[in-house]
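Engineer: Have a look at this one before I ask anything.
Just so it is clear, none of the values below were taken in a lab; they were calculated from the coordinates. Keep in mind that what you see is a predicted model, and the values were worked out from it rather than measured. All Cβ positions, even for glycine, are placed from backbone atoms using ideal geometry, and neighbour counts span all protein chains on display.
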Amino acid sequence: MNYNISRRLHFFYGVLALSFTCLLSCTKNDIYKIPGSDDKTKPGVVTNIRVKNFKGGAILTYTLPDAQNLLYVVANYNINGKVARQTKSSYFLDTIRVEGFQSSKDYTVTLHAVTRANVQSDAVTVTVHPDTPYYQSIKKSLTIAADFGGVNVQALNTDKRAIGVNVISVDPADNKFAIKDQHYTSADTINYAVRGFSSTATKFGVFVTDQFGNISDTTIVTLTPLYEELLDKKKFFNYPTPSDAYIGYGGILPFLWDGFTKEIGGAAPWQTTIGPIQKRVQGTFGVGRTYKLSHFVMWPRGYGYANPKNFTIWGTNKDNPADAETPGGLKAGTVAGDWVVLGSYRFPDPPSGLPQGQTNAADQAFVEAGVSFDVPFTSPAVKYLRVVVKDTWFGLDYTYIEEMSFYGIPQ
């Protein structure tokens with residue numbers, strides 16, 4: 001064998017042997033191995049704890065103990081003298097969030113480091129002093145005022161926290177307060193009505209709750225709901241105009257006020273269709289006399305497909321009003337010929353929060369209960385109405401609505 005070739009082979013085998021030796025060495029001593037759960041070594045405590053308070057809670061930052069079998073850090077605390085909470089944070093993190101505290105005052109939080117063998121460190125306590133909780137801040141901004149057939153509730157929720165607004169009133173039967181409405185929301189602006197009351201002086205209360213079970217104090221007021229009445233649907237009549245939509249599948253416009261809120265016993269909705277030429281998705285009718293409307297309730301078939309998503313209500317107090325171009329989506333007060341916009345509306349998203357096209361039983365129950373929409377107080381009195389569906393959930397050029405009920409003050 002050539003000497004140079006032999007020397008090169010010896011060098012190659014030498015390098016290979018050295019590499020293999022290093023590999024064995026690294027495998028034995030340098031590659032991290034997760035300790036087994038039978039390691040009962042007690043971990044050290046978290047140290048260097050720092051506190052950053054926020055509304056209703058605090059964020060704790062700390063230094064983790066030097067323990068290879070550490071799994072998490074756990075915080076135990078009491079939020080209101082009754083409810084104990086526990087929050088855990090992985091050993092990958094050096095912070096933990098504690099929240100849900102009832103008030104802005106001192107609270108004690110106990111921290112433990114915990115291993116994979118479920119062995120806890122000694123306890124370390126720290127004092128937090130949360131800022132004023134969200135539900136209390138929202139309660140301070142809350143107002144309650146008389147509305148048509150009930151009361152109007154308004155508040156600001158600038159941080160969009162999940163809270164509940166609860167309206168109570170005195171039940172004449174036993175002269176005791178009872179909950180009349182529970183409104184759950186995370187919207188930044190709260191503005192809604194609770195109706196179903198007679199126009200007599202009534203004692204109302206309102207309080208706010210949060211997701212942790214905290215309850216604000218209650219504002220008590222005595223208010224007299226404004227008078228309103230359900231428009232008599234027996235006096236409604238069809239008032240077809242050239243720009244009204246074509247009717248499909250026999251779904252005539254009077255089905256909109258026939259008293260059936262869902263298809264029972266052969267009842268059908270108002271249903272439009274696509275005709276020979278493109279028309280606006282609308283229907284026009286009279287209500288029998290002049291009313292200043294306060295609100296209305298809509299019952300669509302459900303969500304998706306041709307059910308209304310954005311729609312506009314036009315009205316007029318003219319006798320025999322002339323047809324006009326009345327598109328949807330315009331601001332209240334917009335005038336077109338004899339007609340004026342009473343309001344433009346968007347049907348609320350499914351309460352479940354599921355993606356468009358997906359709903360559950362709770363969403364359907366929400367629709368079947370009917371959804372209420374307010375008519376601005378500044379809107380004029382009217383004797384004819386026009387419903388214009390600007391668009392549907394699936395963008396279809398036709399629509400169907402099971403029923404609509406209108407409320408107002410006769411003029």
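Engineer: What percent do you get for the relative contact order of the range 47-128 when only Cα pairs under 8 Å and 6+ apart count?
Structural biologist: Numbers: 171 pairs, mean separation 25.5, N = 82.
Relative contact order, the range 47-128: 31 percent.
Engineer: I've got another one for you. What order do you get for 95-102, 166-173 when each peptide is scored by the mean count of other beta carbon atoms within 10 Å, highest first? Present the calculation step by step, with values, prior to reporting the outcome.
Structural biologist: Details: 95-102: 20.2, 166-173: 15.5.
Put in order of decreasing packing, that is 95-102, 166-173.
Engineer: Below 23 Å, Cα to Cα, which lysines can Lys42 reach? Residues fewer than 8 away in the same chain don't count.
Structural biologist: Qualifying lysines at Cα under 23 Å: Lys33, Lys88.
Engineer: Name the residue, out of Asn152, Asn307, Asn175, whose mean-square fluctuation peaks in a Gaussian network model built on the chain with Cα pairs under 10 Å.
Structural biologist: Asn175
Engineer: Relative contact order for the range 229-410 using alpha-carbon pairs under 8 Å, separation at least 6, rounded to a whole percent?
Structural biologist: Working: 454 pairs, mean separation 67.6, N = 182.
RCO, the range 229-410: 37 percent.
Engineer: Using +1 on the beta carbon of Lys and Arg, -1 on that of Asp and Glu, and nothing else charged, what's the dipole of the range 47-128 about the Cα centre, debye to 20?
Structural biologist: Working: 9 positive and 5 negative charges, 66 e Å.
Magnitude of the dipole: close to 320 debye.
Engineer: Amide H to amide H, which residues 5 or more places from Asp338 or on other chains are under 5 Å from it, using H placed in the peptide plane?
Structural biologist: Ala322
Engineer: Report the label-to-label distance for His129 and Asp174 in nanometres (one decimal), using points 7 Å from each Cα along the Cα→Cβ vector.
Structural biologist: Computed distance between label sites His129 and Asp174 equals 4.4 nm.
Engineer: Here's a follow-up. Given contacts defined as C-alpha pairs under 8 Å and at least six residues apart, what's the relative contact order of the chain, whole-number percent? If you can, show how the numbers build up before the last one.
Structural biologist: Working: 950 pairs, mean separation 51.8, N = 411.
About 13 percent, as a whole number.
Engineer: Oh, and also: First check a/c for the chain, with a ≥ b ≥ c the square roots of the eigenvalues of its C-alpha gyration tensor; if it is under 1.5, answer rounded, and if not, answer prolate when a/b is larger than b/c or oblate otherwise.
Structural biologist: Details: a/c = 3.86, a/b = 1.82, b/c = 2.12.
Cα axes put the chain in the oblate bin.
Engineer: Would you list Ser121, Ser186 from fewest to most Cβ contacts within 10 Å? Please report the intermediate quantities before stating the final value.
Structural biologist: Working: Ser121 20, Ser186 12.
Ordered by Cβ neighbours within 10 Å, fewest first: Ser186, Ser121.
Engineer: Between Val375, Thr61, Asn320, whose Cα lies farthest towards the positive end of the dipole of the chain when Lys and Arg beta carbons carry +1 and Asp and Glu beta carbons carry -1, centred on the Cα centre?
Structural biologist: Thr61
Engineer: Specify the angular offset, from 0 to 90 degrees and rounded to the nearest 10, of the alpha carbon long axis of helix 3-29 from the longest principal axis of the alpha carbons in the chain.
Structural biologist: Once rounded, one gets 60 degrees.
Engineer: On to the next question. In a GNM of the chain with a 10 Å cut-off on Cα contacts, which of Val165, Val151, Val126 has the highest mean-square fluctuation?
Structural biologist: Residue with maximal mean-square fluctuation among Val165, Val151, Val126: Val126.
Engineer: Would you please give the FRET efficiency between Glu229 and Lys160, computed as 1/(1 + (r/R0)^6) with r the Cβ-Cβ distance and R0 = 51 Å, to the nearest 0.05? If you can, show how the numbers build up before the last one.
Structural biologist: Working: r = 37 Å, r/R0 = 0.72.
According to the calculation, E is roughly 0.90.
Engineer: Add -39500 (n - 2.57) for each DSSP H run of 4 or more in the chain, then divide by its residues: what number comes out at 222 nm, to the nearest 500 deg cm²/dmol?
Structural biologist: Rounded to the nearest 500, it is -3500 deg cm²/dmol.
Engineer: Hand me the trypsin sites (Lys or Arg not before Pro) from the range 112-187 located in a DSSP loop with no more than 13 other Cβ atoms within 10 Å, in residue order please. Numbers along the way, then the final one.
Structural biologist: Values: sites: Arg116, Lys139, Lys140, Lys160, Arg161, Lys176, Lys180; in loops: Arg116, Lys160, Arg161.
Answer in residue order: Lys160.
Engineer: Do any of Lys279/Lys309; Lys52/Lys82; Lys55/Lys203 go past 26 Å between their Cα atoms, and which?
Structural biologist: Working: Lys279/Lys309 18 Å; Lys52/Lys82 24 Å; Lys55/Lys203 32 Å.
Going by Cα-Cα distance, Lys55/Lys203 fall outside the 26 Å limit.
Engineer: Could you list Val206, Val340 in order of exposure, starting from the residue whose Cβ has the fewest other Cβ atoms within 10 Å? Working shown, then result.
Structural biologist: Numbers: Val206 24, Val340 19.
Fewest to most other Cβ atoms nearby, the residues stand as Val340, Val206.
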